[in-house]
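Please read the structure below before turning to the comments.
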Amino acid sequence: MPVDSPMRVSRRIALAGLSALLAGCARLGFLAANVPAVFGSYKRHANIAYGDDAQHRLDVYVPDRAAGVPRAVVVFWHGGRWRFGDKADYRFVGAALADAGYVAIVANYRHYPQVKMPGFMDDAARAALWAAAHAGEFGGDPQRLYLMGHSAGAHLAALVTLNTGYFAAAGQPAPHIAGVIGLSGPYDFLPLLETDVQDMFGPPQIYAQSQPINFVRADAPPMLLVHGLEDDTAKPKNSRNLATALSALGAPVTLKLYPKVSHADTVAALTTLMRGRAPTLADITSFIG
């Protein structure tokens, strides 16, 4: 009886796990999604500190192949309703971006209830500043810094870019941000209906500070907003509304709405086995160039 190769076994496990991810069994899905990523052609520099808290850690993914010029740098923040998630679950994102030729940084941040806003926003600013300061050490170009996230992570990427006050609070000027990539992000989500979300963004008189759409400006960097039309977690109107507001001011924005694609699908499509689910990676590489 023939014995399957490790790669074939890994592929079967990953397919089963990814199906579970799309069905809502997140832990199994993440484990499976990361099986093929382990074999990527990149060097992973894990658990680098960008601050004093235990959550102030990030992983840097550097492509193995040589580059003639410094590479674009992409900082990615995970989703999880601002309450949970870990960079280790998103190794497949770092692998996909490194395989595309970018220096990828996958960063953790503090969650509610350890912090409320602006705590996790302060962490986003710190991680972005770290990326700009250290890009050259990994062959990256600090002038080609892109901020990216999925779900709550997309909220962090958009808000820290549009409201530069978070960089000022960190005591430094905002880095040059070449662009923002938001996957299934909440950008215009008032009223706040859930008790924990009301608390993390409260009190009510400052709810407006949590909305990226309230900080649109004509000089905003280019944005790529990706959303699935079957997203029942962060409704597609979030990306539609933000794109409309930016466009009205003349800010460059690209809106990609994917039919038959859910909230998780936009990021799951970065795994090697789910690339056909949505053109997320192709749209990212076209945006960055």
Q: With a ≥ b ≥ c taken as the square roots of the eigenvalues of the C-alpha gyration tensor of region 142-221, please select rounded if a/c is under 1.5 and otherwise prolate if a/b is larger than b/c or oblate if it is not?
A: prolate
Q.
I need the phi-derived Karplus couplings for region 275-289: 6.51 cos²θ - 1.76 cosθ + 1.60, θ = phi - 60°, integer Hz, Gly and Pro marked x.
A. 4, x, 5, 7, x, 4, 5, 4, 5, 5, 5, 5, 5, 6, x
Q.
Students often check this: by mean Cβ neighbours within 10 Å, which of 56-62, 129-135 ranks highest, and how do the rest follow?
A. 56-62, 129-135
Q: Quickly rank 102-109, 65-72, 276-283, 252-259 as a protection proxy: mean count of other C-beta atoms within 10 Å, highest first.
A: 102-109, 276-283, 252-259, 65-72
Q. By the gyration tensor of its Cα atoms, with a ≥ b ≥ c the square roots of the eigenvalues, what is the shape of region 73-119: rounded for a/c under 1.5, prolate for a/b over b/c, or oblate?
A. prolate
Q: Please give the net charge around Gly51, taking every other residue with its beta carbon less than 13 angstrom from that of Gly51, where Lys and Arg add +1 and Asp and Glu add -1.
A: -1
Q) Using heavy-atom solvent-accessible surface (probe 1.4 Å) with all chains present, what is the largest-first order of Glu194, Glu137? A) Glu137, Glu194
Q) Which angle from 0 to 90°, rounded to the nearest 10, does the C-alpha axis of helix 152-162 make with the longest principal axis of the chain? A) 50
Q: Using 0.36 nm per residue of separation minus the Cα-Cα distance, give me the extension gain between Arg217 and Asp52 in nm, one decimal.
A: 56.2 nm
Q: Take the alpha carbon gyration tensor of region 132-289, find the square roots of its eigenvalues, order them as a ≥ b ≥ c, and report rounded if a/c is under 1.5; if not, report prolate when a/b exceeds b/c, else oblate.
A: oblate
Q. Label-point separation (nm) for Ser41 and Ala67, each offset 7 Å from Cα along Cα-to-Cβ?
A. 1.5
Q: Could you state how much accessible area Phe120 has, in square angstrom rounded to the nearest 10, with a 1.4 Å probe and all protein chains kept in place?
A: 0
Q. So what are the ³J(HN,Hα) numbers for region 143-148, from phi and the Karplus equation (6.51, -1.76, 1.60; θ = phi - 60°), rounded to whole Hz, Gly and Pro as x?
A. 7, 10, 9, 10, 10, 9
Q. What ³J(HN,Hα) values, in whole Hz, does the Karplus curve 6.51 cos²θ - 1.76 cosθ + 1.60 give for region 71-87 when θ = phi - 60°, with x put for Gly and Pro?
A. 8, 5, 10, 10, 9, 10, 10, 6, x, x, 6, 6, 10, 8, x, 8, 4
Q | Sorted peptide list for 148-161, 222-235, criterion being average Cβ within 10 angstrom, highest first | A | 148-161, 222-235
Q.
Considering only protein heavy atoms and a probe of 1.4 Å, how much of the accessible area of region 94-176 is carbon and sulfur, as a whole percent?
A. 49
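Compute the length gained on full extension between Ser286 and Ala248: take 0.36 nm times their separation in residues and subtract their Cα-Cα distance, giving the result in nm to one decimal.
Contour length minus Cα-Cα distance gives 11.4 nm.
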**Q.** Accessible area of the chain divided out per residue, in Å², using a probe of 1.4 angstrom
**A.** 42
**Q.** Net charge, Ile181 excluded, C-beta distance under 12 Å - Lys, Arg +1, Asp, Glu -1
**A.** 0
Q: Along Cα→Cβ, 7 Å out, is where each label goes; now give me the distance between the ones at Leu229 and Ile206 in nm to one decimal.
A: 4.0
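The values are calculated or read from the model by the stated rules, or taken from the named source; none is laboratory data. Since this is a predicted model, take the numbers as computed values, not measurements. So basically every Cβ, Gly included, is an ideal-geometry build from the backbone, and we count neighbours across all protein chains shown. Side chains included, ligands, DNA and RNA excluded: accessible areas come from the protein's heavy atoms. Shrake-Rupley method; radii C 1.70, N 1.55, O 1.52, S 1.80 Å.
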